[in-house]
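Every number in this text was worked out from the coordinates using simple rules, so none of it is lab data. Since the structure is predicted, the reported quantities are computational estimates derived from the model, not experimental observations. Reconstructed Cβ throughout: ideal geometry from the backbone, glycine too, with neighbour counts over all protein chains shown.
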Amino acid sequence: MTSHDDELFHQVGLLLGPRHGWSLELSTTPGAPPSWCFESHGEVELSIRVDGGTISIFVPSQDQDIALEGVDELATWIDSNEARFLRR
């Protein structure tokens with residue numbers, strides 16, 4: 001990651017670190033960046049990475065990537081969508 005990506009990833013960590021269900025996952029692929037993952041009942045529901053100054057949310061159940069420009073946009077998306085990924 002570049003220094004801009006490092007700073008953006010740090011900001012993402014400040015947002016997600018205190019939230020229930022989120023954890024930092026290191027990549028098993030050499031050179032691949034770490035990601036923040038939201039798990040519900042042992043399943044990864046959301047994965048967030050930073051690359052090229054963009055925050056990328058991956059939704060495995062929908063095989064969908066969502067690109068966001070900054071942490072404020074991420075916070076808004078998480079606040080609006082996180083609850084629908086909780087498994088009952």
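Values as computed for the structure displayed
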{"read-out": "Angle in degrees between helix 3-16 and the longest Cα principal axis of the chain, rounded to the nearest 10", "value": "20"}
{"read-out": "The chain: C-alpha gyration tensor shape, a/c 1.5 cut-off, then a/b vs b/c", "value": "prolate"}
{"read-out": "Rounded to the nearest 20 debye, dipole of the chain from Cβ charges on Lys, Arg, Asp, Glu", "value": "360"}
{"read-out": "Choice from D51, D72, D63 with maximal GNM fluctuation in the chain (Cα, 10 Å cutoff)", "value": "D63"}
{"read-out": "Cα long-axis angle, helix 71-81 against the chain (0 to 90 degrees, to the nearest 10)", "value": "10"}
{"read-out": "Residues whose placed amide H lies under 5 Å from that of D51, excluding near-sequence neighbours", "value": "S56"}
{"read-out": "Backbone HN-Hα couplings from phi across the range 56-64 [Karplus 6.51/-1.76/1.60, Hz, Gly and Pro as x]", "value": "10, 9, 10, 10, x, 5, 10, 6, 10"}
